[in-house]
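First the structure, in the form of structure tokens, and then the observations on it.
The values are calculated or read from the model by the stated rules, or taken from the named source; none is laboratory data. Because the structure is predicted, anything quoted here is derived from the model rather than measured. Positions of Cβ are generated from backbone atoms using ideal geometry, with glycine treated the same way; all protein chains shown enter the neighbour counts. The area values use the complete protein model at the heavy-atom level, side chains included, leaving out ligands, DNA and RNA. Shrake-Rupley method; radii C 1.70, N 1.55, O 1.52, S 1.80 Å.
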Amino acid sequence: MSNQLQIILEQWNGSYKEKSLHLQNSQELLEVIRSMEGKHSIMLTLENQGLEHKLIISASGNIFTVTFIANGNEFYDLINDPLAAGIVMLVIGGQEAQYPNKYLVNIEKTFTPALEFFNTGFILINDLYWDKTGNNDAWQQEGLVKG
């Protein structure tokens with residue numbers, strides 16, 4: 001599947017840098033994700049060309065977020081702790097924003113969805129814990145977006 005994926009690494013650190021990656025195997029993908037740890041604001045996007053599916057892995061320091069976009073308009077956030085509450089200020093995508101604690105994961109939790117998307121071009125939502133945006137998710141519960 002990896003040959004049908006467009007993979008982009010974006011970094012904001014005073015200036016914007018974008019690099020298209022041509023990864024040959026899943027080990028190279030894991031190396032890229034490991035290289036993101038500790039960076040100020042960095043984002044890896046895997047996009048299934050021809051379909052409107054994307055997996056976005058963002059990092060701010062040692063904190064990661066993972067978002068899956070299905071069909072171009074269904075957004076899902078990977079859940080770390082379903083009972084987590086509160087918000088944290090992070091720099092993601094070059095901008096400081098508030099993020100629900102519920103969706104902040106460590107680097108190891110990024111590996112499973114990254115490998116699944118790299119190998120199949122899709123995420124089977126039932127296999128992992130995901131919140132669908134707009135479905136009384138933590139964004140709404142924390143008052144960050146209106147329901």
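Think of the chain as having a plus end and a minus end, set by charges on the Cβ of Lys, Arg, Asp and Glu; of Leu46, Gln140, Ala97, Ala97 sits farthest toward the positive end of this dipole. For Leu124 and Ile8, the difference between the fully extended length at 0.36 nm per residue and the C-alpha to C-alpha distance is 39.6 nm.
Where only protein heavy atoms count, and the probe is 1.4 Å, what is the accessible area per residue for the chain in Å²?
Working: 7820 Å² over 147 residues.
Using a 1.4 Å probe on heavy atoms only, each residue of the chain averages 53 Å².
Amide H to amide H, with H built 1.01 Å from N, Val88 comes under 5 Å of Tyr99, Asn101, counting only residues 5 or more places away or on other chains.
The HN-Hα couplings worked out from phi for segment 13-22 by the Karplus form 6.51 cos²θ - 1.76 cosθ + 1.60 (θ = phi - 60°) are 7, x, 9, 9, 10, 10, 9, 7, 10, 10 Hz, whole numbers, x standing for Gly and Pro.
The apolar share of the surface of segment 42-147, taken as the fraction of accessible area on carbon and sulfur atoms (1.4 Å probe, ligands and nucleic acids excluded), comes to 48 percent. The magnitude of the dipole of segment 31-111, with charges of +1 and -1 set on the Cβ of Lys/Arg and Asp/Glu and taken from the Cα centre, is near 120 debye. Whole Å is fine, so just give me how far the alpha carbon centre of segment 91-121 lies from that of segment 1-41. Each part reduced to its Cα centre gives a spacing of 13 Å. Sequentially through segment 40-51, phi angles give Karplus couplings (6.51, -1.76, 1.60; θ = phi - 60°) of 5, 7, 9, 9, 10, 10, 10, 10, 7, 5, x, 10 Hz, Gly and Pro residues having no value and appearing as x.
Which residue, His40, His53, His22, has the most motion in a Gaussian network model of the chain that connects Cα atoms within less than 10 Å? Of His40, His53, His22, the most mobile in the Gaussian network model is His22.
By accessible area of protein heavy atoms, probe 1.4 Å, what ranking do Met43, Met89 get, highest first?
Values: Met43 35, Met89 100 Å².
The most accessible residue leads, giving Met89, Met43.
Does segment 52-108 classify as rounded, prolate or oblate by the C-alpha gyration tensor (a ≥ b ≥ c root eigenvalues; a/c under 1.5 gives rounded; else a/b over b/c gives prolate, otherwise oblate)? Mind showing how you got there, number by number?
Numbers: a/c = 1.74, a/b = 1.36, b/c = 1.28.
Prolate is the answer for segment 52-108, as a/c is 1.5 or above and a/b outweighs b/c.
What is the sum of charges around Gly72, taking Lys and Arg as +1, Asp and Glu as -1, for the other residues whose C-beta is under 13 Å from the C-beta of Gly72? Cβ neighbours under 13 Å give a net charge of -2. Counted by Cβ distance under 12 Å from Ala138, the other residues give a net charge of -3, where Lys and Arg count +1 and Asp and Glu count -1.
For a paramagnetic label modelled at 7 Å from the Cα of Asp81 toward its Cβ, which residues of segment 95-128 fall within the zone defined by backbone nitrogen distances under 20 Å? From segment 95-128, the list is 98-111.
Count Lys and Arg as plus one, Asp and Glu as minus one, and take only other residues whose Cβ is under 12 Å from that of Tyr103; the net charge is then -3. When the chain is treated as a Gaussian network with alpha carbon springs shorter than 10 Å, the biggest mean-square fluctuation among Asn13, Asn62, Asn80 belongs to Asn13.
Quick check on the chain: take the gyration tensor over C-alpha atoms, sort the square-rooted eigenvalues as a ≥ b ≥ c, and tell me if it's rounded (a/c under 1.5), prolate or oblate. Here the chain falls in the oblate category. For the chain, modelled as a Gaussian network with Cα springs under 10 Å, which listed residue fluctuates most, Leu46, Leu115, Leu55? Judging by the Gaussian network model, the answer is Leu115.
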